[in-house]
Amino acid sequence: MKAWRAHQFGGPDVLQLDDVPIPEPGPGHVRVKCSTITLNFNDIDIIHGTYPDVMPPLPFIPGMENLGVVDACGPGAESWMGKRVVTVPADAYGGYADYCIGPTAMTFEMPDDMSDADASAFFMPFHLAWLGLEHRARVQPGETVLVHAAAGGNGSAAVQVAVQLGARVIATAGSPEKVAFCKELGADVAINYRSEDIYEAVMAATGGRGVDVAWDGVGGDVMRETFRCMAMNGRHLIFGFASGIAGEDEGISPRPMIFGNFSMLGMLVAYVDDPAAVRAMTGANFVGYDEAKRAHESLLERVKQGKLRPIVGMEASLEELPSALAAMERRETVGRVVITVGS
């Protein structure tokens, strides 16, 4: 099969399109014959060798989100055979290829009437928005939600989910075009962070009160500026460090939370079959697959009803993957970047 591999750490230009053996699924895993690959910012950190939790040995195949049809099953996963699915490949890499291996706990069936592009753009952003806004922050009607990087894949989903929850949405984006796009998605206020001061704009939009919930996958200076924007009893959701994963090592001082009387909420889209067993072994808390599946079906129903829509900002061929990844790294894209595999 064809696969993009990193033979050294660096930017998207280090990727090489190689011929490699088709992998075989183990127990509790499925093999997916991929129709599309969806790019993620975590892929960029993994290729650079700066993602501390995913450090595969060289050479390796990056990629953590795929759509396709299950064509082989490991023991215990036989019921998945022939189904059209989205999956996160095992260990969050291995997806930039014609075939990938995914654990059933991170695999979800997709309806046949969704296009490949829309189905590919759906999974991670809307699961993340559900986990953060509904499950963790428990956004209530009438609350104000601040969404950073709101024109991106995750942010565009968060804006839509927040609107569906009855929230007033303040979005941030990096160009006039992206600001206009955020308003099209339903944001009440959209801030161009390149030409406006986020804190001042948020205070003006909230009458000095601040926001009830902040959606933050940026981290770094944006995270610290957002601390100043939090209302009493606010909830600051943190799920990534798109501004530079090195910022994760700087730590988070409790002082802003103490004086701000707000909460910091972490979230991670990683599902397991037995949360209690994983907790006992690792000390980590993960959502169980059954609950995630119910959320998946509820989100798909909202898409069917026209209340939510996946945002595809760019489509490219497998051969064009490195250049598409570079465009995403330069913040030139909106929504999701979807790579078509094969004809």
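Assuming R0 = 56 Å, what is the FRET efficiency of ARG279 and ARG228, from their Cβ-Cβ distance, to the nearest 0.05? Working shown, then result.
Values: r = 34 Å, r/R0 = 0.61.
It comes out at approximately 0.95.
Hey, what did the stretch 125-266 get for relative contact order, percent, Cα under 8 Å, at least 6 apart? Intermediate values should be presented prior to the final figure.
Numbers: 285 pairs, mean separation 28.1, N = 142.
Taking the mean separation of contacting Cα pairs over the length of the stretch 125-266, I get 20 percent.
At a 10 angstrom cut-off on C-beta neighbours, averaged per residue, how do the peptides 72-80, 267-275 rank from highest to lowest?
Details: 72-80: 15.9, 267-275: 17.6.
Final packing ranking: 267-275, 72-80.
How high is the relative contact order of the stretch 219-343, in percent, with contacts defined as C-alpha pairs under 8 Å that are six or more residues apart?
Working: 128 pairs, mean separation 21.1, N = 125.
Once normalised by length, the contact order is 17 percent.
Suppose R0 equals 25 Å. What FRET efficiency, 1/(1 + (r/R0)^6) with r the Cβ-Cβ distance, do SER253 and ARG209 give to the nearest 0.05?
Computed FRET efficiency for SER253 and ARG209 comes out at 0.60.
By the gyration tensor of its Cα atoms, with a ≥ b ≥ c the square roots of the eigenvalues, what is the shape of the stretch 54-119: rounded for a/c under 1.5, prolate for a/b over b/c, or oblate? Numbers along the way, then the final one.
Working: a/c = 2.30, a/b = 1.40, b/c = 1.64.
Cα axes put the stretch 54-119 in the oblate bin.
Beyond a 21 Å Cα-Cα separation, which of these cross-linked pairs lie in this structure: LYS33/LYS307; LYS178/LYS304; LYS183/LYS293; LYS83/LYS304? Don't jump to the answer; show the numbers that get you there.
Numbers: LYS33/LYS307 30 Å; LYS178/LYS304 25 Å; LYS183/LYS293 30 Å; LYS83/LYS304 19 Å.
Beyond 21 Å: LYS33/LYS307; LYS178/LYS304; LYS183/LYS293.
Report the antiparallel proportion of the DSSP beta bridges in the chain as a percent, rounded to a multiple of 5. Walk me through the intermediate numbers first.
Values: 29 of 57 bridges.
Around 50 percent of the beta bridges assigned by DSSP in the chain are antiparallel ones.
If you project the alpha carbons of the stretch 1-47 onto the principal axes, what extent comes out on each, in Å, largest first?
Each principal axis gives a Cα extent; for the stretch 1-47 these are 33, 23, 20 Å.
Given q = 0.11, 0.16 Å⁻¹, what are the Debye log10 I(q)/I(0) values for the stretch 125-266, with equal point scatterers placed on the Cα positions and solvent ignored?
Each listed q maps to, in turn, -0.33, -0.74.
So how far, in whole Å, is the C-alpha centre of the stretch 1-47 from the one of the stretch 188-220?
Here the two parts' Cα centres lie 37 Å apart.
Laboratory data are not the source of any read-out in this text; all were calculated from the coordinates shown. Given the structure is predicted, the values throughout are model-derived calculations rather than measurements. As a convention, Cβ positions derive from the backbone with ideal geometry for all residues, glycine included, and neighbour counts pool all protein chains shown.
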